Amino acid sequence: MLGLQPMNSKDAIYSKAMDSIADFAFDDKVASVFPDMIKRSVPGYSTIIAMTGVLAERYSQDGSNCYDLGCSLGASTLSLRHHVEGRNCQIIAVDSSESMLSRCKQVIAKDTYTTPSKLVLADINEVNISNASVVVLNFTLQFIPTSQRQVLLQKIYNGMLDGGVLVLSEKICFVDEHLQELNTELHHAFKKANGYSDMEISQKRSALEKTLLPETISAHQQRLRSAGFSSIDVWFQCFNFASLVAIK
Ligand code: GEK
């Protein structure tokens, strides 16, 4: 996370009352405050990023590719770089937002680790996945239309080596109404404790309504199973945020 510090401006995007709220987009405004925004909004984010590297260290295979799909400013990419150095791996970090990727390039350029890393401006639905021992989808699948998710996961599975790992971190929802309400409220309490006002929380929620589409853990598990993954586990959960590992 050290590499992300210099650009860490405070997120105040939704702090003033807005007449109309546009759909959330990964534009320059968001990219410029992203590390602060995600850290104050996603419970367990730092743990998930750190453990992504630990998992990569365990599952990366000599001479293979490690993908960070939806890399934003490169937090997971850095974690991969630090944990797979010396493994003869190449990291391929992909994001469709130019604002994110140009900043990610600056972050990676400052990193003292030397794992070869290719940064690609592209839609993850369009990139080729091959020879992969590690694939990371940290809070990215939730922005892909639900109807395209199985095809994407099948492509990822097909491009992975036997014994490879997929790390899938997502905002989740619950079938049980009580749990849905409880976890939503606990998440809001987390954001309030991190300095967001009720208005900011509510305006951001409206902006994300049509773009971030959470699913239940069991929907994710079923999709991973249909794609062919053999061992699937929820290794982290805090309120309505979870991270799964799936082994090919
Ligand atoms: C982190 N993983 O810090 N193709 C490529 N990129 C996409 C697509 C797509 N179709 N859709 C969305 N993105 C990061 C955080 S943020 C999560 C990931 C969040 C990109 C989008 O541009 C953004 O950078 C990222 O996915 C999602 O661990 O903001 O909640």
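Every read-out reported here was derived from the displayed coordinates using simple, explicitly stated rules and does not represent laboratory data. This structure is a prediction, so every number in the text was calculated from the model and none was measured. Cβ atoms come from the backbone with ideal geometry, glycine included; neighbour counts cover every protein chain shown.
Would you check which residues across the range 42-52 are surrounded by fewer than 20 Cβ atoms within 10 Å (Cβ to Cβ) and in a helix (DSSP H, G or I) and list them? Scanning the range 42-52 gives Ser46, Thr47, Ala50, Met51. Scanning the range 217-227 for residues that are over 19 Å from Gln180 (Cβ atoms) and surrounded by 15 or more Cβ atoms within 10 Å (Cβ to Cβ) yields a total of 3. Taking the range 228-244 on its own, how many of its residues are crowded, with 21+ Cβ neighbours inside 10 Å and within 11 Å of Leu168 (Cβ to Cβ)? Summing the residues that are crowded, with 21+ Cβ neighbours inside 10 Å and within 11 Å of Leu168 (Cβ to Cβ) in the range 228-244 gives 4.
Applying the selection to the range 61-83, what residues are within 16 Å of the ligand (Cβ to nearest atom) and assigned to a strand (DSSP E or B)? Once the filter is applied, which keeps residues that are within 16 Å of the ligand (Cβ to nearest atom) and assigned to a strand (DSSP E or B), the range 61-83 yields Cys66, Tyr67, Asp68, Leu69. Restricting attention to the range 210-238 and to residues that are without any contact (Cβ under 8 Å) to a residue 40 or more places away in the chain and charged (D, E, K, R), the residue that is farthest from Met51 (Cα to Cα) turns out to be Arg225.
For the range 205-213, the criterion of being in a helix (DSSP H, G or I) and touching a Leu at 6+ places or on another chain (Cβ under 7 Å) is satisfied by no residue at all. Taken over the range 110-134, the criterion of being of a type in the set (S, T, N, Q) and either assigned to a strand (DSSP E or B) or touching a strand residue (DSSP E or B) at 6+ places or on another chain (Cβ under 8 Å) (or both) is satisfied by Thr115, Ser117, Ser130, Asn131, Ser133. Only residues that are touching a residue at least 24 places away in the same chain (Cβ under 8 Å) and either more than 15 Å from Tyr67 (Cα to Cα) or among the aromatic types (Phe, Trp, Tyr) (or both): list them for the range 109-120, please. Across the range 109-120, the qualifying residues are Lys110, Asp111, Tyr113, Thr114.
Gly164 meets the conditions (1) in a loop (DSSP other than H, G, I, E, B); (2) on the phi < 0 side of the Ramachandran plot; (3) more than 17 Å from the chain's Cα centre (by Cα) in every case but one. The failed one is (1). Does the range 125-146 include one or more residues that are within 9 Å of the ligand (Cβ to nearest atom), charged (D, E, K, R) and under 15 Å from the mean Cα position of the chain (by Cα)? The answer is no; no qualifying residue exists.
Residues checked against (1) touching a residue at least 12 places away in the same chain (Cβ under 8 Å); (2) touching a helix residue (DSSP H, G or I) at 6+ places or on another chain (Cβ under 7 Å); (3) exposed (fewer than 14 other Cβ atoms within 10 Å of the Cβ):
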position	(1), (2), (3)
Arg103	yes, yes, no
Gln154	yes, yes, no
Met160	yes, no, no
Gly195	yes, yes, yes
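Scanning the range 84-101 for residues that are away from the ligand (no atom under 13 Å from the Cβ) and surrounded by fewer than 23 Cβ atoms within 10 Å (Cβ to Cβ) yields Glu85, Gly86, Arg87, Asn88, Gln90. Within the range 64-95, the set of residues being of a type in the set (A, V, I, L, M, F, W, C), in contact (Cβ under 8 Å) with a residue 60 or more places away in the chain and over 19 Å from Ser46 (Cα atoms) comprises just one member, Cys66.
Just the residues that are within 11 Å of the ligand (Cβ to nearest atom) and closer than 20 Å to Tyr157 by Cα, please, taken from the range 28-60. Passing the criteria: only Thr52.
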